[in-house]
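Report on the structure given below.
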Amino acid sequence: QVQLVESGGGLVQAGGSLRLSCAASGRTFSRSSMGWFRQAPGKEREFVAAISMSGGSTRSADSVKGRFTISRDNAKNTVYLQMNILKPEDTAVYYCAARVSRVLTTAKHDYDYWGQGTQVTVSS
């Protein structure tokens, strides 16, 4: 069992930065690939970024490439999402997810555990 708690969301002006954190409990964090997803009002939950168990491999959605960076600290059981050059269209609830597998995936249905989400609002 893995419990995930996101933090770091908030209100920021366009062009600004935020860093989201996701703290994981349980013994499987280091054996899990991790992902960030987001869901804007009236839209489907979409993939943002993912990172492998070791942190050696990452993937990002085209919409955030060059602006968002995913990383993890297995000693702290925490995964991060550094978000720079934020745009109003980045406004959404951001969710952390864990997949107990070494296989990196962008598909939300492949993830086993989800956090409650943290709101990110970018004003223009």
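The values are calculated or read from the model by the stated rules, or taken from the named source; none is laboratory data. All figures in this text were calculated on a predicted structure; none of them were measured in a lab. Cβ coordinates were reconstructed from backbone atoms using ideal geometry, including for glycine residues, and neighbour counts include every protein chain displayed. Remember, those area values only see protein heavy atoms, side chains included, never the ligands or the DNA or RNA. Shrake-Rupley method; radii C 1.70, N 1.55, O 1.52, S 1.80 Å.
Measuring nothing but alpha carbons in the chain and taking Rh as the Kirkwood radius, the Rg to Rh ratio lands at 0.94.
Quick check: at a probe of 1.4 Å, how many percent of the accessible area of region 44-88 sits on carbon and sulfur atoms? Walk me through the intermediate numbers first.
Numbers: 980 of 2260 Å².
Accessible surface attributable to carbon and sulfur in region 44-88 totals 43 percent.
Each of P41, L20, S57 was scored by the projection of its Cα onto the charge dipole of the chain, and the greatest displacement toward the positive side belongs to S57; charges sit on the C-beta of Lys, Arg, Asp and Glu. A 1.4 Å probe run over the protein chains yields, for the chain, 51 Å² of accessible area per residue, whole-number rounding.
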